[in-house]
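Enquirer: Below is a structure I'd like to ask you about.
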């Protein structure tokens, strides 16, 4: 009797172990499928067109010029500017929520900021297209163009806020309260304690927030495509129609075929490479953060 | 406390700067509006993404086949995006399927000819293109597919085409004869320019032949070529002259013609534009010849 029950439990464990193993394997399988797809299509294409063509300045499909340098530059500017705006606003928000605003308000404000993360990116794009772009065009832009790096960065800055606020607030909260009390006991003011003691102690968490938001800004497609303009030229101004790497892929994905479509996959390889760099630096930062405590 | 105050005042200062910057520029643009006829009014050039059937056809017709867009072009990835932009941007110029152009925008005459159905049919309006389905020859051996192909040429289909503002090119078409025994499933995919009218044609065909199911999906002309070539769809929709290199095993049938309207904002004073001017606006390599302001067209 007991032997039978034991056998049953053992069999059930084996089955469950198999199911869990399959689930774990599934995501790895998905990842490797995507990697194989990207590299098997993209790398031979890059080799075929040549590094100097593929990383050149000219993207002109009908003459076989697949240069994505202008898009790398545009992606870089958009990501940098949006992260800069997002980090300044987001970090100050997190600090204010941490010690400087009434405790009763913290919960609702956090909730609302998190709600921002739940808004679909196409809504951000629509908002940018209908509100931000015309506003910039009519009131700010010196050349009558609202599309470009600035409008994309403004939209993205709002999109990365939830990440920055919640990750840096969590890392501030994770710093032992005794640091803060110790600083106060030594005669530091509230501001000095937060900015000079708590913030440095939460440094790696804040950096992680920055890296995460860079990843978000770099990878965002739908919202960007609607406000960036889309001309594949070197960015020279904040108000100029340019094209990011993600926009390049999305704009042509359903329309292009043949070599041009493969060029999009190769663009994906470059994007994947940047994303991987970001992920690695994120893991390093996270490891450092855990190591400190 | 001091730091907090400093932060708040910094933020306020930033806001003020932004607001001031905004104001001063508003004044500038007001000046432009009060024109001074010589004040240059730059053109916002709107185009579609590479691979779009409308773009391919437009560029080919105005004599810029295979050329890239001018540098400061704004690319919209769909018909709706183009219309929204032209509706809201007083300096915009764009091209769009005539069937789609709404009363929210102004349709320009080209070389003095109005973009109307009659003018497209008699070919006096130059910017028009065929909307076709492409298919593999063997496809028509199947009864249901052949019936749909015949239906596209029937008077039933021509009526829907004209009602939707597209240009029917088959005169005196015969009415479709219903085959009661017919059943099957037909997949049509491709050009988003042909898609809206194809959806109506498909549902009309389904009501005549209740046992046949026709599914119509978009994706663009590129998708149309690919799906027909690979046999994923029985019929691929394309919105440009059939290019056999893109689908070597296929042949085509022109369903109807569609004019491409040149559209501008309602507030624009221009009524007519020439092919030559269009070419100089949309040509990346126009150099000195390039038209970049509305003033140059008004003259």
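Enquirer: Considering Cα pairs under 8 angstrom that are at least six residues apart, work out the relative contact order of segment A:68-292 and quote it in whole percent.
Expert: Reported as a whole number, the value is 30 percent.
Enquirer: To check you understand DSSP bridge types, tell me what percent of the beta bridges within chain B (both residues inside) are antiparallel, rounded to 5.
Expert: Within chain B, antiparallel bridges account for around 55 percent of the total.
Enquirer: Something else now. Between residue B:142 and residue B:269, what is the label-point separation in nm under the 7 Å Cα-to-beta-carbon projection?
Expert: About 5.9 nm, to one decimal.
Enquirer: Averaged over B:222-229, how many beta carbons belonging to a partner chain fall within 10 Å of each residue's beta carbon? Don't jump to the answer; show the numbers that get you there.
Expert: Numbers: counts 9, 5, 0, 2, 4, 0, 0, 1.
Mean shielding by partner chains, rounded to a whole number: 3.
Enquirer: Please find the FRET efficiency linking residue B:178 to residue B:65, where r is the Cβ-Cβ separation and R0 is fixed at 30 Å, and quote it to the nearest 0.05.
Expert: Given R0 = 30 Å and the Cβ-Cβ separation, E is 0.10.
Enquirer: Follow-up question, since we're still on this one. Between A:63, A:151, A:257, which gets the highest mean-square fluctuation from a Gaussian network model of chain A, Cα cutoff 10 Å?
Expert: Among A:63, A:151, A:257, the largest mean-square fluctuation in the Gaussian network model of chain A belongs to A:63.
Enquirer: Between residue A:76 and residue A:57, what length comes free when the chain is fully extended (0.36 nm per residue of separation minus the Cα-Cα distance, one decimal in nm)?
Expert: My answer for the length gained is 5.4 nm.
Enquirer: What residues of segment A:242-264 lie in the reach of a label at residue A:222, counting those whose backbone N is under 20 Å from a point 7 Å from the Cα along Cα→Cβ?
Expert: The answer is A:244-255, whose backbone nitrogens lie closer than 20 Å to the label point.
Enquirer: Below 8 Å, C-alpha to C-alpha, sequence gap of six or more: please give me the relative contact order for chain B in percent.
Expert: 28
Enquirer: Rounded if a/c is under 1.5, else prolate if a/b is larger than b/c, else oblate: which is the protein assembly as shown, with a ≥ b ≥ c the root eigenvalues of its Cα gyration tensor?
Expert: Judged from the Cα gyration tensor, the protein assembly as shown comes out oblate (a/c at least 1.5, b/c at or above a/b).
Enquirer: To the nearest 10 degrees, how steeply does helix B:79-88 sit against the main Cα axis of chain B, on a 0 to 90 scale?
Expert: With rounding to tens, the tilt is 30 degrees.
Enquirer: Moving to a separate point now. How do A:26, B:252, B:58 rank when sorted from fewest to most other Cβ atoms within 10 Å of their own Cβ?
Expert: Ascending number of Cβ neighbours within 10 Å: A:26, B:252, B:58.
Enquirer: Would you order B:177, B:139, B:56 from fewest to most other beta-carbon atoms within 10 Å of each residue's own beta-carbon?
Expert: B:177, B:139, B:56
Enquirer: Under the definition of Cα pairs under 8 Å and six or more residues apart, what whole-number percent is the relative contact order of segment B:130-257?
Expert: Once divided by the residue count of segment B:130-257, the mean separation gives 40 percent.
Enquirer: Something else now. Can you give the extra length, in nm with one decimal, that the chain gains between residue A:273 and residue A:173 once fully stretched, where that is 0.36 nm per residue apart less the Cα-Cα distance?
Expert: 32.7 nm
Enquirer: Would you mind telling me the antiparallel percentage of the DSSP bridges in the protein assembly as shown, rounded to 5?
Expert: Numbers: 24 of 42 bridges.
Of those bridges, close to 55 percent are antiparallel.
Enquirer: Could you please rank A:179, B:166, placing first whichever residue has the fewest other Cβ atoms within 10 Å of its Cβ?
Expert: With the sparsest Cβ surroundings first, the list reads A:179, B:166.
Enquirer: Connecting C-alpha atoms closer than 10 Å in a GNM of chain A, tell me which of A:73, A:260, A:30 has the biggest fluctuation.
Expert: Of A:73, A:260, A:30, the Gaussian network model singles out A:30 as fluctuating most.
Enquirer: Also: Let me know the mean shielding of A:231-244 by other chains, meaning the per-residue number of their Cβ atoms within 10 Å of its Cβ.
Expert: The shielding value for this peptide is 3.
Enquirer: Most mobile of A:104, A:58, A:196 per a Gaussian network model of chain A (Cα springs, under 10 Å)?
Expert: A:104
FYI, it's all coordinate maths here, none of it is from the lab. Just so we're clear, the structure is a prediction, and the values are computed from it rather than from any experiment. In this analysis, Cβ positions are derived from the backbone assuming ideal geometry, glycine residues included, and neighbour counts consider all displayed protein chains.
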